[in-house]
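Here, each number is a calculation from the coordinates, and none is a lab measurement. Note that this is a predicted model, so its numbers are computed, not measured. Backbone-built Cβ (ideal geometry, glycine too); neighbour counts: all protein chains shown.
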Amino acid sequence: MTSANRKLLTIITEAALESVLAKDLQRLGVQGYTITDARGRGSRGARTAAWSESSNIRVEIVCDASTAGAVAAHLQTRYYEDYAMILFVADVAVLRSEKF
Amino acid sequence: MNAVDPVLLFFLLGLAAGLLRSELRLPAAVYELVSMLLLLSIGLKGGIELGKQPVGNVALQALAVMVMGAVLPLVAFPVLRLVGRLRRADAASIAAHYGSVSVATYAVATAYFASRQIAFEAHMPFLLVVLEIPAILVGILLARGFSRDMPVGTVAHEVLLGKGIVLLVGGLLIGWAAGADGLTPMAPLFFDLFKGILALFLLEMGLITAAQFGSLRQHGVFLVLFGIGMPLFSSVVGILVGYGLGLSLGGTTMLAVLAASASYIAVPAAMRISVPQANPTLSLAVSLGVTFPFNVLVGIPLYHAMTTTAFAVLGG
């Protein structure tokens with residue numbers, strides 16, 4: 001099995017941002033991503049997902065290091081101040097390197 | 001005269017369960033479905049009637065209601081800014097919430113009217129849609145001024161294609177095209193079940209309202225006073241506009257209810273995207289934590305009594 005190293009970028013943020021984020025990610029050259037509904041608690045209080053205004057999403061992106069850096073930098077300048085958002089990056093191994 | 005409408009008891013149950021930190025919650029998908037059914041049923045009912053109204057009449061009412069929707073936030077904004085000392089973005093966002101409408105409050109009012117057999121202009125849902133939008137635009141302008149970097153496309157998309165507007169307008173069009181006879185086969189779902197669906201919806205609304213109380217405690221007395229004072233003022237404006245337009249007593253009361261209600265779906269969603277600096281906790285705490293319970297529990301009967309008095313005095 002030959003595998004290549006990529007970055008897994010995970011973003012947890014407000015569901016209200018989903019459509020604008022999708023546009024941003026496409027513009028920044030992200031090939032694909034997965035979005036799941038999420039709930040939890042953080043510095044902006046409990047996000048219970050009981051209804052749309054208190055829902056969170058979890059966006060997972062597997063991409064190369066430079067794209068991950070670009071996305072992280074963009075999100076930090078554009079959204080960190082006004083929105084509930086965290087992101088973290090992990091190293092992952094993928095089998096089909098051309099896909100990511 | 002029955003004492004308390006049972007749908008309100010469901011609201012109080014949700015409120016109590018939320019305050020006691022019960023585990024109770026409606027699954028998100030069920031809440032979505034229930035609110036979709038409410039929006040569609042309100043739209044359909046209005047659409048059936050819309051076709052029967054003379055176009056000129058309806059256009060004049062729509063225009064008056066639109067102006068009212070733009071003026072109410074302009075009154076609220078300086079109060080929030082000067083008396084409440086809120087930041088510009090927060091004041092603009094809350095002002096927009098109070099210029100727009102709450103469909104849930106409207107739904108409770110229709111139940112109240114139905115149980116007391118008060119007739120009102122049945123095309124009211126059309127005016128509800130019309131009243132929903134101007135305040136959002138005024139709110140955005142109050143927060144950002146006429147800036148060039150405004151993402152007009154995104155904002156327009158958010159405002160005009162939000163879930164609530166699409167379902168209400170869609171319901172209106174389907175109701176208008178199909179007419180009462182055409183909709184008879186669907187009546188069991190959309191009309192007969194209305195109160196049951198409303199009860200479930202209000203149960204969840206009670207839980208959501210209870211969740212706002214925590215943040216309300218942090219933001220003090222001003223917001224509570226504003227959350228009660230503003231709808232009282234708006235209801236008077238609504239009564240004057242309704243009377244001026246020559247609406248019936250029921251229709252004028254309904255317009256007062258619409259004017260007094262504060263949005264908590266369309267406006268928060270639009271404000272989150274177009275005025276990100278505004279703190280959504282603040283506006284939802286006041287519109288959901290204060291104004292919504294005030295309107296459904298006290299406001300609706302109060303506005304009814306106020307309108308009745310106004311009609312007696314003005315000779316309606």
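Just a few scattered comments:
- Relative contact order computed over the stretch B:153-305 (Cα-Cα under 8 Å; 6+ residues apart), in percent: 29 percent
- Cα centroid separation - the stretch B:58-109 against the stretch A:1-25, whole Å: 37 Å
- Residue-normalised convex hull volume from the C-alpha trace of the stretch B:244-316: 101 Å³ per residue.
- Computed from point charges on the beta carbon alone (+1 for Lys and Arg, -1 for Asp and Glu), the dipole magnitude for the protein assembly as shown about its Cα centre is near 740 Debye.
- For the stretch B:6-314, relative contact order (Cα pairs under 8 Å, six or more residues apart, normalised by length) works out to 33 percent.
- If R0 is taken as 51 Å, the Cβ-Cβ distance between B:Val313 and B:Leu9 corresponds to a FRET efficiency of 0.90.
- Distances between every pair of Cα atoms in the stretch A:4-93, grouped in 10 Å steps from 0 to the bin holding the largest one, split as 17, 51, 27, 4, 0 percent.
- Net length gained if the chain between B:Asn57 and B:Ser22 were fully extended (0.36 nm per residue, minus Cα distance): 7.7 nm
- Bridging of A:Lys99 to lysines at a Cα separation below 22 Å is possible for A:Lys7, A:Lys23, once same-chain residues fewer than 8 apart are set aside.
- Close amide H pairs (under 5 Å, H built 1.01 Å from N) link B:Gly162 with no residue at least 5 positions away or on another chain.
- The coefficient of translational diffusion for chain B, derived via Stokes-Einstein from the alpha carbon Kirkwood radius under 25 °C and 0.890 mPa s, stands at 125 µm²/s.
- Each label point was placed 7 Å from the Cα along the Cα-to-Cβ direction; for B:Arg85 and B:Val166 their separation is 4.4 nm.
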